[in-house]
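Right, one structure below, let's go through it.
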């Protein structure tokens, strides 16, 4: 940094003018929290909650008891921060050019911050994407990870999104986990255990080099199918289709959760009957149990926790059938059925297909056990 003292001084001055305090030494957690709260006090954040039934809202000043503190500075800061943001960016870029470095800012987990399919989510993400376009440069790259259905929703809302093509010009391909990728993930996690490799006589070099050998290794752990019958799909295919949501998205986290519960079930059975034998390290019953437990978790930590504003509609399906005709689902959801159906499809709770020329809505396997949904059509 010695060769760019001038640029560093300009950066410090820009931050000072924007009322951003300088962190001169390494901070512990307490110091960081104290610094953060002090910055929040100066920004004077507010929280607004809209009450139900269109009866208005409540707005709270999160630091009302400190409202008399540095009032003049707060007013100055409110206007200084946007004014100097461009200057801060330019001074950072000058430092990066002088040192021949680049800066990447990674933003993830945005689907966990706001209520999904809400006006707040749309406004916040639009603001982020616009800021990303303004703040980015050849030396500074902002990388935002967004679900494709969220990006589609951001562009909607009746107002469009001016210059969205500029934001998505460098968009990477949508990340999808194929059955082969899920297989690789499962096998790699299983055979990190040297004891399992030795017990099943797995060759580590072949395991790393061959997809076919990975399938052979997988079949040494699991039964060929989950259910009996000549027309049943393979266990790997069953796991893949039964963890997919309505948008046909399969996440490694869900597969891992299913197999973790399956392993726990198999362990419990062996401990309860030490003299017994099992044909498979993880058998069909264990995998079915894993799906059941995964479905319960999806209900509690995904549907209820992340979509409380949609739960009253999702709850209507509890104890019902897996498939619904267009007429049946509209009767169930009532007023604003179109909007509700679109929301439930967007979050992956419903899949739409055609059967014998008519529209049918299906609840994916991954949600059925948790909501006591049985096979059949309403």
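Would you mind calculating the gained length between residue 312 and residue 215 on full extension (0.36 nm times residue separation, minus the Cα-Cα distance), in nm to one decimal?
Details: separation 97, 0.36 × 97 = 34.92 nm, distance 4.26 nm.
Separation in residues times 0.36 nm, less the Cα-Cα distance, equals 30.7 nm.
Please work out how much length the chain gains when fully extended from residue 206 to residue 87, using 0.36 nm per residue of separation minus the C-alpha to C-alpha distance, in nm with one decimal.
Working: separation 119, 0.36 × 119 = 42.84 nm, distance 5.52 nm.
So the extension gain works out to 37.3 nm.
I'd like to compare 15-23, 267-275, 345-353, 314-322: which one has the highest average count of other Cβ atoms within 10 Å, and what's the full order after that? If you can, show how the numbers build up before the last one.
Values: 15-23: 14.3, 267-275: 9.9, 345-353: 19.1, 314-322: 16.3.
Going by the mean number of other Cβ atoms within 10 Å, highest first, we get 345-353, 314-322, 15-23, 267-275.
Nearest 0.05, what FRET efficiency do residue 176 and residue 101 give at R0 = 35 Å with Cβ-Cβ as r? The partial results should precede the final answer.
Values: r = 33 Å, r/R0 = 0.94.
With a Förster radius of 35 Å, E is 0.60.
Every number here is computed from the coordinates shown, using simple stated rules; none is lab data. In this text, all values refer to a predicted model and were calculated from it rather than measured experimentally. Note: ideal-geometry Cβ built from the backbone for every residue, glycine included; neighbour counts use all protein chains shown.
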